[in-house]
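Below is one structure; the comments refer to it alone.
The values are calculated or read from the model by the stated rules, or taken from the named source; none is laboratory data. What you see is a predicted model, and the numbers here were worked out from it, not measured in a lab. Note: ideal-geometry Cβ built from the backbone for every residue, glycine included; neighbour counts use all protein chains shown.
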Amino acid sequence: MVLDTIIDKWFSTQDQKVTWAISLAFLIIFPIYFANMAAFLPDGSVIGADIAGEWEVSFEETDEVRGEFSDMMGDGDIEEFDFSYTDTSKNLAYLEIVTSHQETNEGGPGPAPSPWQNQCDTVSIDVMLSGISGFEEGETVSSSTSDCGEQVLTILLIDGYNGTTYETEGKRSDVLAANSDNGSGRGDWQFEITLDVNTGGPPGPTGNRDNGEEVTVTWRLVSAEVKLKAVVDTGL
């Protein structure tokens, strides 16, 4: 009897019936909306809730540290470089070191072109990672090339990172975690560049009298901001 009275009171007027109808609609629609909210957001919007769905993942890269060196190096010369990075607010993606040199210092008999032009010198890179978070004590990464031209050494700080846009499914937090540096890359970076001259040919005046090359080294520590965009299925 009391329940009937309450129901009669709540639905006694047209306005009350409309109010309850609207409230019921919100109760049904809101859970559906929040479950699929990513599909309704404009490009680049940030979703606070940990929503599962299909995502387009892209990256915005920024050079956090840059350096450059260019100088004449002789046989066996070693150039040492270092820098520190401690900022934990950025998501570090990789360290890239590039070396380049041209074989312009070859010698030979007479004014004719040297027969040793293709006797390329060897440039080596050694990166000591003991002071860097995310790496083992005593760990070193090395690279060398005896090809004339450019050499690129990349040390990834996000597993599998290549900077290309891709699509994936899952929770937003899981996608972000898969593209996180997990604190790697902080500390004191140290690396060395070594030149080993390839004299080539026999000794003496008819041989290659190469005494070194001008070597250029550039390096950059790069961060990557992860951009998530909900993928909307427009197919019927």
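Restricted to strands (runs of 3 or more DSSP E) entirely inside segment 141-236, those with at least 3 residues that are modelled with pLDDT under 95 and surrounded by 13 or more Cβ atoms within 10 Å (Cβ to Cβ) are 213-230.
Between a first residue in segment 164-188 that is closer than 20 Å to GLY134 by Cα and a second residue that is of a type in the set (Gly, Ala, Ser) and surrounded by 15 or more Cβ atoms within 10 Å (Cβ to Cβ), which pairs have beta carbons less than 6 Å apart while being 6 or more apart in sequence or on different chains? Between residues of segment 164-188 that are closer than 20 Å to GLY134 by Cα and residues that are of a type in the set (Gly, Ala, Ser) and surrounded by 15 or more Cβ atoms within 10 Å (Cβ to Cβ), the close pairs are GLY183/SER133; SER184/SER133; SER184/GLY134; ARG186/SER133; GLY187/SER133. Counting only strands (runs of 3 or more DSSP E) that fall entirely inside segment 13-130 and contain at least 1 residues that are exposed (fewer than 13 other Cβ atoms within 10 Å of the Cβ) and either modelled with pLDDT of 70 or more or touching an Asp or Glu at 6+ places or on another chain (Cβ under 6 Å) (or both), the qualifying elements are 52-73, 78-85.
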